[in-house]
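Only one structure is covered here, and it is reproduced in the block below.
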Amino acid sequence: MRLRRYRHLLIYLIFAYILFFVICFREKLQLTTTRSPSVTTSDTPTSKAQIIRSELIFNASTRYQLDLSNCWTDLDYQQWKDGKYFPASKPKGNIVYMVQTGEKNLRTRCDIMMCTFGVTLHPSRLFFVGETPSDSRLPVYDVVEPNTPRPVDRKGSMQKVAQGLDMIVNKLREGDYNNEIEWIMVMDDDTFISPPNLNLLAAEYDSQRPVMIGQHTCKVGFCGGGGYLISRALFVQLPAFVKKCRPHDELWDSDQFVPDCIRRKVQVELIDRKEFNSQNPEFYSTPLGLQDHPNGFGRAVTFHYMKTPMKYVNLWRLHQAYMRE
Ligand SMILES: *[C@@H]1O[C@H](CO)[C@@H](O)[C@H](O)[C@H]1NC(C)=O
């Protein structure tokens, strides 16, 4: 009898409990059935690739540290070669970068290049050409002729650009990426480079025309170390003769005698662009620096004489702060 009397009350209590739970855990119940828009957007493949990428590059120049000795390691090189630092969704680009270097600069300048712009490139797009046949941290090749005295001195080093171009064009021909490459960018190991700005500049030209593009305000060829682009229409012709391009008494700098030698052999247009800089940013804030650029300045593609690793890294960090990749 008693139980019967309280039966209604019991049902009310159970009902109240259920209502209480539904109100309290409403949000959790909803999440399990429908996904809120913010959850969906943060889960896109690109952002996932970025997360994985930033986790992997934990010692690169993106991390602020005064000691740069671990900026680029053997492990980094393995992971870079395996394509782990290059987002799968990102286009590989149509420019191959050729950096002229020497044995003594591998652990200083070249490691710093790898931990700044190098790590942003697809591994098929970067070559160091010097006197070293292989290295645990860099895609480096020995391009110096066997009869050259070693260690290779400054004069012996001057053949690296011509020999390197020959090697790379032949390698591209045999490789998987041949048809994707429209340009070769020639530069030194103390040349700072902005790949995004170089892409924009190259896109203004037709690579089916034989052209070379750089700072062409110096007498012959290009101003040293400012770097220059070679179009596909031109680079495919190089293996026929470029190995024979030699420095001579009047022209001994490879940025001058190689373009000059090419110009004498085949039809080519040399184009001057103010985006290429054969000096460093400090120099361009002096009166002499302004004279070096009679046509003014552009959205910088290169700077040269980036003497210390820290200067290179700092300029790269500044560059990254203003760039959207
Ligand atoms: C980063 O540096 C640490 C030492 O500071 C080293 O143990 C680690 O292997 C480095 N990471 C990579 C990817 O090389």
Residue check, GLY118 among the small types (Gly, Ala, Ser) and either closer than 22 Å to SER254 by Cα or over 12 Å from the mean Cα position of the chain (by Cα) (or both): no
Give me the pairs: first residue in the range 227-249 and in contact (Cβ under 8 Å) with a residue 12 or more places away in the chain, second residue surrounded by fewer than 17 Cβ atoms within 10 Å (Cβ to Cβ) and part of a strand (DSSP E or B), beta-carbon distance under 7 Å, and six or more apart or on different chains, which are they? none
Among the residues in the range 162-185, are any crowded, with 20+ Cβ neighbours inside 10 Å, free of Cβ contacts under 8 Å to residues at least 40 places away in the same chain and assigned to a loop (DSSP other than H, G, I, E, B)? no
Out of ASN277, ASN314, I need the residue that is within 20 Å of the chain's Cα centre (by Cα) and over 26 Å from TYR205 (Cβ atoms). Which one? ASN314
Restricting attention to the range 252-271, does a residue exist that is under 26 Å from the mean Cα position of the chain (by Cα), of a type in the set (A, V, I, L, M) and surrounded by fewer than 22 Cβ atoms within 10 Å (Cβ to Cβ)? yes
For THR191, are the conditions met, namely being buried (at least 20 other Cβ atoms within 10 Å of the Cβ), over 21 Å from LYS265 (Cβ atoms) and of a type in the set (Ser, Thr, Tyr)? yes
Quick test of your reading of the structure: GLY156 fulfils all but one of (1) out of contact with any Pro (no Cβ under 8 Å at 6 or more places or on another chain); (2) assigned to a helix (DSSP H, G or I). Name the failing condition by number. (1)
Looking only at residues that are among the β-branched types (Val, Ile, Thr) and within 14 Å of the ligand (Cβ to nearest atom) in the range 44-57, which one is modelled with the highest pLDDT? ILE57
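Okay, residues lined up against (1) closer than 20 Å to ARG299 by Cβ; (2) within 20 Å of the chain's Cα centre (by Cα); (3) basic (Lys, Arg):
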site: LEU172; (1), (2), (3): no, yes, no
site: TYR177; (1), (2), (3): no, yes, no
site: MET185; (1), (2), (3): yes, yes, no
site: ASP190; (1), (2), (3): no, yes, no
site: LEU201; (1), (2), (3): yes, yes, no
site: ARG209; (1), (2), (3): no, no, yes
site: GLY214; (1), (2), (3): yes, yes, no
site: CYS218; (1), (2), (3): no, no, no
Would you mind telling me which numbered condition in (1) in contact (Cβ under 8 Å) with a residue 60 or more places away in the chain; (2) over 19 Å from the mean Cα position of the chain (by Cα) THR101 fails? (2)
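A quick yes/no check of all residues on (1) outside any loop (DSSP other than H, G, I, E, B); (2) within 16 Å of the ligand (Cβ to nearest atom); (3) of a type in the set (D, E, K, R):
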position: ASN59; (1), (2), (3): no, yes, no
position: ASP67; (1), (2), (3): no, yes, yes
position: THR108; (1), (2), (3): yes, no, no
position: ASP111; (1), (2), (3): yes, yes, yes
position: SER134; (1), (2), (3): no, no, no
Looking only at the range 130-148, and only at residues there that are touching a residue at least 24 places away in the same chain (Cβ under 8 Å) and hydroxyl-bearing (Ser, Thr, Tyr), the one that is surrounded by the fewest Cβ atoms within 10 Å (Cβ to Cβ): SER136
Which listed residue, of GLY296, GLY289, is in contact with a Phe, Trp or Tyr (Cβ under 6 Å, 6 or more places away or on another chain), surrounded by fewer than 19 Cβ atoms within 10 Å (Cβ to Cβ) and without any contact (Cβ under 8 Å) to a residue 60 or more places away in the chain: GLY289
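The values are calculated or read from the model by the stated rules, or taken from the named source; none is laboratory data. Since the model is a prediction, treat every value here as computed from it, not as a measurement. As a convention, Cβ positions derive from the backbone with ideal geometry for all residues, glycine included, and neighbour counts pool all protein chains shown.
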